[in-house]
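Colleague: Can you read through this structure? Questions will come right after.
The values are calculated or read from the model by the stated rules, or taken from the named source; none is laboratory data. This is a predicted model, so every value here is computed, not measured. Because the Cβ atoms are built from the backbone with ideal geometry, glycine has one as well, and the counts that use them run over all protein chains shown. For accessibility, only protein heavy atoms count, side chains too; no ligands or nucleic acids. Shrake-Rupley method; radii C 1.70, N 1.55, O 1.52, S 1.80 Å.
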Amino acid sequence: MLSSKASSNCHGQDSLYFLGWQVYEKNPFHEVENPTGIIQMGLAENQLSFDLVESWLRKNPDVMGLKNKDGESVFRDLALFQDYHGMPAFKNELVEYMAKIRGNKVKFDPNNLVLAAGATSANETLIFCLADPGDAILLPTPSYAGFDRDLKWRTGVEIVPIHCSSSNGFRISMFALEEAYERAQKLNLKVKGVLITNPSNPLGTTMTKDELQSLITFAIDKDIHLISDEVFSGTVFDSPCFISIMEAAMDSNLKRNTDVLSRIHIVYSLSKDLGLPGFRVGMIYSNNQTVVSAATKMSSFGLVSSQTQYLLSYMLANKKFTSNYMKRNQKRLKKRKEMLVSGLKKSGINCLKSNAGLFCWVDMRHLLCSNTFEAETDLWKKMLCEVGLNISPGSSFHCSQPGWFRVCFANMNQSTLQVALRRITNFVERSSFNYQQNMGSLSRKLISNWVRKLSSADREEQER
């Protein structure tokens, strides 16, 4: 007999988002060994600037060899017991890097930082700190497909969607926010907070200062918390610039509320900005000392290794490297995003205007056979199994409108993206041809029926 947790099916693994990965892994594309395989466009991974990281590592072999500046081995120190508070040197460099990404408009205290094994662990730990099983978190949709797992599966917390629409570019409206809060109350759910991703996953957009301050005001009025997942903050490659929730909270009018900062919490990681998801470096930043204390104790279940902290403390301390990396990475992301957008546009497919992230929110509503999620699933299956592209359907992000897809562009080289774009072009052309053929066949059938009816009417008239 297993536990209800082990035997339940609420992990979210049956989402089309994860099912697409499973199909891809059975037949992955390779330019030489498997050119007809499936191209992975469902993975938000940044491989565009990996060469910059590798170059730094080659120039700093002592760090890779776990040696200090004097060339002495630190292996023994790193291999023995690790304090779950994290290495001070690493945390100091981390808060400086976070401030740098935010234009040094806000400063972060390393004592308010809690390390975690990636943003997944950080988000779950924070929910454990803020809510009890059966409580609710409000979440704007479309939202990251993994949140069903990260926020809900083990915590027992309920997610109440804030439904956003394409009519205003999927921006969060106060009407939708209030509607979600009222819906939670009608379900007898105690709302403990709102969680946003800024920049947005899957939209690739950033929030304005006014929008952020409206959310802060809402949280104050409702006496709830506000979580800002800012893991894509270093991927902003175009205007408007990124504004952190902490910057928005520093407004003089909001600061008059003495406990406003204690309600605001940031989740961040190095998985997207530095392209190091395998290093599992995530963090929680909070001015609420009770949250920091509890989260630090919980971090024992998902620590960042001492070796990783040691290596990255040296990398982040190299300000010339981080400045160069940020600048060149953003330029590369912008160029690659423009390549995807222009390629899709040539096939008659548009994208939501975006300025951040490793993906585009793509509008394929005109390719659906009907305005339903069943039709969206059918299109997803064709793209995956016939076209050979694993793109993620909007339904897996809880989008309220069928026909939107998240398409990633930074986890492959340029030639692979060109192959993907050619496949999409061919698919659209075939779909258009088949549509015209079907319409032509239908028209001929209607005309034939019309002629037969006329002939029959003529005969009846003659017989009279």
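Colleague: Taking the DSSP beta bridges in segment 218-372 as the whole, what percent of them are antiparallel, to the nearest 5?
Modeller: Numbers: 7 of 11 bridges.
Looking only at bridges with both residues in segment 218-372, the antiparallel portion is about 65 percent.
Colleague: Additional query: Just need the relative contact order of segment 61-317 here, percent rounded to a whole number, with Cα pairs under 8 Å and 6+ apart.
Modeller: Details: 429 pairs, mean separation 70.2, N = 257.
Across segment 61-317, relative contact order equals 27 percent.
Colleague: Once both axes come from the Cα atoms, what is the angle between helix 289-298 and the longest principal axis of the chain, in degrees from 0 to 90, rounded to 10?
Modeller: Once rounded, the angle reads 80 degrees.
Colleague: Got a sec? Charge dipole of segment 91-165, +1 on Cβ for Lys and Arg, -1 for Asp and Glu; which of 160, 125, 103 is way out at the positive end?
Modeller: My answer, from the dipole projection, is 103.
Colleague: Taking the Cα centre of the chain as origin and charging only Cβ (+1 Lys, Arg; -1 Asp, Glu), how large is the dipole, in debye to the nearest 20?
Modeller: The calculation lands at about 1060 debye.
Colleague: At a threshold of 8 angstrom on Cα-Cα distance, excluding pairs fewer than six apart, so keeping six or more, what relative contact order does segment 142-203 reach in percent?
Modeller: 37
Colleague: Tell me the angle of helix 118-130 to the major Cα principal axis of the chain, expressed in degrees between 0 and 90 and rounded to the nearest ten.
Modeller: With both axes taken from Cα atoms, the answer is about 80 degrees.
Colleague: If the only charges are +1 at each Lys and Arg Cβ and -1 at each Asp and Glu Cβ, what is the size of the charge dipole of segment 61-317 around the Cα centre, to the nearest 20 debye?
Modeller: 100
Colleague: Can you give me the long-range amide H partners of residue 158? Hydrogens built in the peptide plane at 1.01 Å from N, cutoff under 5 Å, separation of 5 or more residues or another chain.
Modeller: HN-HN under 5 Å from residue 158: 134, 135, 136, 137.
Colleague: I want the antiparallel fraction of DSSP beta bridges within the chain, as a percent rounded to 5.
Modeller: Once the DSSP bridges in the chain are tallied, antiparallel ones form about 50 percent.
Colleague: Looking at segment 61-317 only, what percent of DSSP beta bridges run antiparallel? Nearest 5 please.
Modeller: Details: 10 of 28 bridges.
The antiparallel fraction comes to roughly 35 percent.
Colleague: In whole percent, how big is the carbon plus sulfur part of the accessible area of the chain, probe 1.4 Å, protein atoms only?
Modeller: Details: 11580 of 22310 Å².
Carbon and sulfur together cover 52 percent of it.
Colleague: Compute the normalised compactness of segment 56-113: alpha-carbon radius of gyration over 2.2 N^0.38 Å, N being the residue count.
Modeller: On the way: Rg = 14.4 Å, N = 58, 2.2 N^0.38 = 10.3 Å.
The reported ratio for this selection is 1.40.
Colleague: How much accessible area per residue does segment 61-317 have, in Å², with a 1.4 Å probe?
Modeller: 41
Colleague: Report the one residue of 138, 281, 380 whose Cα lies farthest in the direction of the positive end of the charge dipole of the chain (charges on C-beta: Lys and Arg +1, Asp and Glu -1; origin at the Cα centre).
Modeller: Selected residue: 380.
Colleague: Something else now. Which angle from 0 to 90°, rounded to the nearest 10, does the C-alpha axis of helix 16-26 make with the longest principal axis of the chain?
Modeller: 90
Colleague: Also: Provide the descending list of Cα extents for segment 61-317 along its principal axes, expressed in whole angstroms.
Modeller: 62, 39, 35
Colleague: Output the relative contact order of the chain, whole-number percent, from Cα pairs under 8 angstrom with separation of 6+ residues.
Modeller: Details: 757 pairs, mean separation 103.3, N = 464.
Dividing the mean separation by the residue count of the chain yields 22 percent.
Colleague: Towards the positive end of the charge dipole of segment 61-317, with charges on Cβ (+1 Lys, Arg; -1 Asp, Glu), say which of 235, 269, 116 has the farthest Cα.
Modeller: 116
Colleague: Step by step: find N for the chain, compute 2.2 N^0.38 Å, then divide the Cα radius of gyration by it. What's the final number?
Modeller: Cα Rg divided by the expected 2.2 N^0.38 Å: 1.13.
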